[in-house]
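> Here you go, one structure.
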Amino acid sequence: MSKASLIIIAIDGGAASGKSSSSCILADKFNLLHVDTGSFYRHITAELLRRAVPATDLAALKVALATLQFSTRLAGRSAQMLIDGQPAGDEIRDQRVNEHVSHYAAIPEVRQTLLAYQRGQVGVAEAHHFQGLVMEGRDIGSVIFPAADFRFFLHADPVERAKRRAAEGRQDSIAERDRLDSSRKTSPLVCPNGAIDIDSTHQSLDQVVAVMSSLIATKLTPA
Ligand code: C5P
């Protein structure tokens, strides 16, 4: 399969909007590489916190970023980012990382560091004979793959999203992260022009996936 024939699906949306659940189902259904870019920002955040490099110290940040070596390994259909050969630990979902990640993610140098790596996931999908990739995040349809075959933007009422996180037994700073992610200058969280906007507040995950699948099936045969 040539690179040109790989299907790219971008799913953006706020915290706990259903991106990960829908992406995973689509990845299984259509044999796609699943790429959770939020986990990349979380992993970098955990690494910078471990090295005690604050988001406020740009000079130290640049030095640290220049030393990070990224590689990828697969966990099922999901791409795991390794930093200096190490996978992310469970701490990337902890409240400490929740509280810091949007501050690091707002820094252009941090985003620039991940840009080529994220685009390079097409090569990973190709090397592992996937039909394409489904990448979730905040700026996938706007910045990373503006010419993606499908660009979805998921949103849901903040109260409903907080309930979803609580049901997962996880503490999160959903509202604060959304506020920071939407208001930053570089690659803010926005529904890109022309993206398919889906409000999942009153829809089940199955319903959301059904809408996405019916569109994707116009280009791709289920695996
Ligand atoms: O998707 P998740 O909620 O795990 O993302 C964690 C954080 O990573 C977001 O709140 C945001 O600050 C950052 N992020 C980003 N751009 C992306 C993906 C995530 O800024 N494409």
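> With every protein chain left in place, what is the accessible area of LYS219 in Å² (1.4 Å probe, nearest 10)?
110
> Sequence neighbours fewer than 8 away in the same chain don't count; with that in mind, list the aspartates and glutamates whose C-alpha is under 14 Å from LYS62.
Output for LYS62: GLU47, GLU109.
> Given Cβ point charges of +1 (Lys, Arg) and -1 (Asp, Glu) and nothing else, what value in debye, to the nearest 20, does the dipole of the range 3-216 about its Cα centre take?
On the way: 24 positive and 25 negative charges, 60 e Å.
Dipole magnitude for the range 3-216 comes out near 300 debye.
> Here's a follow-up. Distance in nm between label sites at ASP157 and ALA66, each 7 Å beyond Cα in the beta-carbon direction?
5.1
> Please report Rg over Rh for the range 3-216, where both radii come from the alpha carbon positions and Rh follows the Kirkwood definition.
0.94
> If I build a Gaussian network model for the chain, linking alpha-carbon pairs within less than 10 angstrom, which residue out of LEU189, LEU205, LEU154 has the largest mean-square fluctuation?
LEU205
> Using alpha-carbon positions, what is the distance between the centroids of the range 145-223 and the range 90-141, in Å?
Answer, in whole Å: 15.
> List the relative contact order of the range 138-223 as a percent without decimals, with contacts defined as Cα pairs under 8 Å and 6+ residues apart. Please list the in-between numbers first.
Details: 66 pairs, mean separation 34.2, N = 86.
Relative contact order comes out at 40 percent.
> Please work out the average accessible area per residue across the chain, using the 1.4 Å probe convention, and give it in Å².
Details: 10200 Å² over 223 residues.
Value returned for the chain: 46 Å² of accessible area per residue.
> Based on the mean of other beta carbon atoms within 10 Å per residue, what is the order of 86-98, 39-51, most packed first?
Numbers: 86-98: 14.8, 39-51: 20.6.
Peptide ranking by packing, descending: 39-51, 86-98.
> Which one, GLY169, GLY120, GLY13, has the greatest fluctuation when you compute a Gaussian network model over the chain with C-alpha springs under 10 angstrom?
Per the Cα network of the chain with a 10 Å cutoff, GLY169 tops the list.
> Further question: Less than 13 Å Cβ to Cβ from LEU32, Lys/Arg counted +1 and Asp/Glu -1: what total charge do the surrounding residues give? Provide the component values of the computation, followed by the final result.
Numbers: positive: LYS29, ARG77, LYS219; negative: ASP28, ASP36, GLU126, GLU136, ASP149.
Taking every Cβ under 13 Å from that of LEU32, the sum is -2.
> Once you keep just the Cα pairs under 8 angstrom separated by 6 or more residues, what percentage relative contact order results for the chain?
Details: 352 pairs, mean separation 79.2, N = 223.
So the answer I get is 36 percent.
> Order 6-12, 71-77, 126-132 from most to least packed using the mean count of other Cβ atoms within 10 Å. Walk me through the numbers on the way to the answer.
Numbers: 6-12: 24.0, 71-77: 13.6, 126-132: 17.1.
Result, highest mean first: 6-12, 126-132, 71-77.
> Determine the gain in length on full extension of the stretch ASP57-ASN193; use 0.36 nm per residue of separation and subtract their C-alpha separation, reporting nm with one decimal.
Numbers: separation 136, 0.36 × 136 = 48.96 nm, distance 3.43 nm.
Additional length available on full extension: 45.5 nm.
The values are calculated or read from the model by the stated rules, or taken from the named source; none is laboratory data. This structure is a prediction, so every number in the text was calculated from the model and none was measured. Please note: Cβ atoms are built from the backbone with ideal geometry, for glycine as well, and neighbour counts cover all protein chains shown. All accessible areas refer to the heavy atoms of the entire protein, side chains included, with ligands and DNA or RNA removed. Shrake-Rupley method; radii C 1.70, N 1.55, O 1.52, S 1.80 Å.
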